[in-house]
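J.: Below you will find the structure I want to go over with you.
The values are calculated or read from the model by the stated rules, or taken from the named source; none is laboratory data. The model shown is predicted, which means the values in this text are computed figures rather than measured ones. For neighbour counting, all protein chains shown are included, and Cβ atoms are generated from backbone atoms with ideal geometry for every residue, glycine included. Just the protein is used for accessible areas: all its heavy atoms, side chains included, with ligands, DNA and RNA removed. Shrake-Rupley method; radii C 1.70, N 1.55, O 1.52, S 1.80 Å.
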Amino acid sequence: MKSSTKVIGILLSAALLGGCSVGKSESHDMMDHQNMSEDEMHNMAGEMENGHMSHTNPLALNNSTGENELAIPPLLKPQDGGGNIYPITAQSGQTEIFDGIQTKTLGYNGSFLGPVLQVNEGEEVTFRTKNELDETTTFHWHGLDIPGAGDGGPHNHVKPGETKDVKFTVDQGAATLWFHPHPEGATASQVYEGLAGLIYVEDQQTKTNGLPNDYGVNDFPLVFQDKQFDDNKQLNYQLVRNEDGTIGDTLLINGTINPRLTVGKEKVRLRLVNGSNARNYTYRLNTGDTFQQIATDGGFVNKPNDLQEITLTPGERAEIIVDFSKYDAASDIALLNESGAILLPFTINEQKTNGSDEIAVNLNNYHVTDEERNLPVTKKLELFGMGRMVTINNKQFDMNRIDFTQKQGDTEIWEIYNKPDMMGGMTHPFHIHGTQFKIVSIDGKEPPASEQGWKDTIAIDAGETFKLAVKFNNKGIYMFHCHILEHEENGMMGQVEVL
Ligand code: C2O
Ligand code: CU
Ligand code: CU
């Protein structure tokens, strides 16, 4: 965890000045902070209700009542007949999120959200993308090592009615990745309205490391997205859009409102995906018990990390194992966020499935090499600003400007600094397309164990400097940007061309 004093100082000044942004773990820190009086807390709450709320001090989430069993997205394996073709169609439709009410939504191969594309390392696959929307979209594969032309950034338009094949060889180890649109100016609205799906990369190790991997039985995807529904229970993006990140009071997990998950009395794998436009989540169990983190964005950690909580900013993923064998049907177990909102209550089924209880001790052999530690910084990025005034190196995104070039296969050290502003500044989830990178250091120090693994998105607090070892295995143009989708659209994005 980061120093809470720093964050609190920033938080107080931001709140008292009527500013609207603070660090990512602020509400958690706020609760933990011993020196803050009730009155100070009260003042801050008052300020924030007066419209000075930001995505990092969001509107509280409603508790899940647990009345609906969690939807499990369909698993999409390649069509029979060879070719490893995955048809993926962006479409619009209506979804019954609330009982008896149709909400207009977007989805892939369905009316809302999308399937899980299961691909295997080493295989050549084709994503057969089709746009049945009445607006332009793109299909971006977040976390995938793929040539730039197929990456689905803002250059890779798929117009209404168009079909486009993206053919490539899966060249990375097991990971939970995701996909979503990326058209310039409409990424935030299209994601908000429902365009998001998952990609599971499987490798040889997946089958032998003892991790639960029975899809929808002891291995569950959990896509967290907060929404603000209007009086007619519709998603009206333009109405609720916030330039510093659109948030809502209603959590959907896999599109399910008030979800509950039924699990066996055994070890269960949860693949946590923050698919929200802007909200951060610090996940913990209501019992205070630990869970084991087994994966970061792009693959397994070397050894499971015992944690009581883990924070994900937009775009980030983590896989965790919760051991439900310790509890029984009468236990009241739920996943909470930093402010205690109930995200997901669990129902424990005394029946066990045939999942294994023995998880391999060594899951990966990730490490930052001495050579990487000794490389000089060759790319410097400074993140700054808020609202519509967000920049990277004082510039806003321009489709026609290449900000950096890098050679395919070369490792370079990128130094990313989040420059504070007068009110402290805010956390930016920084993401690079087309690569999984390593965090070499954070403010000169080793990253926490939970971030020692392959990453494609990192939460950079105001004032922090990250050094990353970045290597692209393919050529092409790739975006790097803040994953608060409104910041990305407001220009907090640049392009690197890999030659
Ligand atoms: Cu989720 Cu530009 O990415
Ligand atoms: Cu991406
Ligand atoms: Cu940002």
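J.: Which condition number in (1) open to solvent by 10 Å² or more (accessible area, probe 1.4 Å); (2) out of contact with any Pro (no Cβ under 8 Å at 6 or more places or on another chain) is the one that H157 fails?
T.: The number of the failed condition is (2).
Each row is one residue, and each column tells you yes or no for (1) part of a loop (DSSP other than H, G, I, E, B); (2) under 28 Å from G114 (Cα atoms).
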position: P314; (1), (2): yes, yes
position: V322; (1), (2): no, yes
position: G340; (1), (2): yes, no
position: Q351; (1), (2): yes, no
position: N364; (1), (2): yes, no
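J.: Going by what's in this entry, would I460 be described as among the aliphatic types (A, V, I, L, M), within 14 Å of ligand 3 (Cβ to nearest atom) and under 16 Å from H142 (Cα atoms)? Lay out the reasoning, then the answer.
T.: Values: among the aliphatic types (A, V, I, L, M): yes; within 14 Å of ligand 3 (Cβ to nearest atom): yes; under 16 Å from H142 (Cα atoms): no.
Criteria not met by I460.
J.: Would you check if E415 is of a type in the set (D, E, K, R) and open to solvent by 20 Å² or more (accessible area, probe 1.4 Å)?
T.: Yes.
J.: Something else: Filter region 441-459 for residues that are buried (at least 23 other Cβ atoms within 10 Å of the Cβ) and away from ligand 2 (no atom under 13 Å from the Cβ); which is nearest to L177 (Cα to Cα)?
T.: G453
J.: Please go through (1) within 16 Å of ligand 1 (Cβ to nearest atom); (2) closer than 20 Å to G83 by Cα for P183 and return the number of the only condition it doesn't satisfy.
T.: So the condition that P183 fails would be (2).
J.: Here's a follow-up. Consider region 412-437. How many of its residues are of a type in the set (A, V, I, L, M, F, W, C), in contact (Cβ under 8 Å) with a residue 60 or more places away in the chain and either within 15 Å of ligand 2 (Cβ to nearest atom) or in a strand (DSSP E or B) (or both)?
T.: So the answer is 1.
To keep it simple, each residue is scored yes or no on (1) assigned to a loop (DSSP other than H, G, I, E, B); (2) within 13 Å of ligand 1 (Cβ to nearest atom).
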position	(1), (2)
P154	yes, yes
K164	no, no
F179	no, yes
V191	no, yes
G194	yes, no
V201	no, no
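J.: Could I ask something else about it? Would a scan of region 454-477 turn up a residue that is in contact (Cβ under 8 Å) with a residue 24 or more places away in the chain, outside any strand (DSSP E or B) and of a type in the set (F, W, Y)?
T.: yes
J.: Against the conditions (1) open to solvent by 40 Å² or more (accessible area, probe 1.4 Å); (2) within 16 Å of ligand 1 (Cβ to nearest atom), where does T369 fall short? Just the number, please.
T.: (2)
J.: Here's another thing I want to ask about it. Test E464 against the criterion of being of a type in the set (D, E, K, R) and within 16 Å of ligand 2 (Cβ to nearest atom), and give yes or no.
T.: no
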